[in-house]
Each structure stands twice: as C-alpha cells, then as structure tokens.
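K.L.:
Starting off with a structure, shown below.
Here, each number is a calculation from the coordinates, and none is a lab measurement. Just so it is clear, the model here is predicted, and its values are computed rather than measured. Here the Cβ positions follow ideal geometry from the backbone for every residue, glycine too, while neighbour counts run over all protein chains shown.
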Amino acid sequence: EKDMGYLQGSFKTMKHDAGTYDKDAIGALLKRHNQEVQACYEQFLAANPKLGGALTINLEANAQGQITGASSDPKAGMADMAGVAGCVVDRAKTWKLPKKVNGNGTGTARMKLDYALSKRTDMK
C-alpha cells in the first residue's frame, strides 16, 4: 500500500496527458515480485545445482495497469535459464500496476527488469 501510495502521488507532479509512471515508484512496486522470481529460479536450481546467469524480463502494461505483454531473454523454454524465464513470464502476466490516473487513458508502459541469478555460496 505504501508503494502504491507513492506511485499514485507521483501522478500529481507529472505533466497532464503524459500518462507515465515514476521510475522509482515502479521499481519499488515490482520489487515486491522478486520472491516469485526467486521461487522460479529455485525450482530449476534443484535440477541443475550449477544454474545461474542473467535474466531479462520485458513487460508491457496498458493504462489500466494490466500486463498485456511479457517476454524474456533468454526466451522461455523447458530447462535451465530458459525454464526460469518461462516460469517468470507466466507469473508476470498476472502482475498488476495501478491505473494511470493522469494522461489520456491510452497507450502502454514498457518496463525492462534485469536479474543476475546465482546460487548462494554461503550455505553448506
């Protein structure tokens, strides 16, 4: 709720019809989903203990805050980082952003989320 309040408050300072989100507010809101990304990673880490690497998730949201598109690099697949990517993309499609209260109610917002995934080395 705090992050949503911050994001909604950012609309008051933007130019009318800009219809954009504050980058820091979006970042705070999307960080709440990091546990889902971690869960996807751990699911595939069990099958490949050496699994690690970069993951990029590209999201597109409409003015109502619904995720209307999601893609990944590496592309979604069945195993290793591609499997993690597919899992995260599936989950990301259910995420919701607040409705844009400023702007003309049309258009989309595009976000790029980068993750560097590696197993913990401090565990025995």
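K.L.:
Rounded to whole Hz and in sequence order, give me ³J(HN,Hα) for the stretch 80-96 from the Karplus expression 6.51 cos²θ - 1.76 cosθ + 1.60, θ = phi - 60°, writing x for Gly and Pro.
P.N.:
6, 5, 5, x, 4, 4, x, 4, 5, 4, 4, 5, 4, 5, 9, 5, 9
K.L.:
Starting at the first residue of the stretch 43-59, write each ³J(HN,Hα) from the Karplus equation 6.51 cos²θ - 1.76 cosθ + 1.60 with θ = phi - 60°, in whole Hz, x for Gly and Pro.
P.N.:
4, 8, 5, 4, 7, 9, x, 9, 4, x, x, 8, 9, 10, 10, 10, 10
K.L.:
Using amide H atoms built in the peptide plane, which far-off residues or other-chain residues are under 5 Å from Gly69 H to H?
P.N.:
Excluding prolines and chain starts, which carry no amide H, the hits are Glu60.
K.L.:
Using packing as a proxy for protection, rank 63-69, 87-93, 37-43 so that the peptide with the highest average count of other Cβ atoms within 10 Å comes first. List each step's numbers first, then the result.
P.N.:
Working: 63-69: 14.7, 87-93: 18.1, 37-43: 16.4.
Most protected by this proxy first, the peptides run 87-93, 37-43, 63-69.
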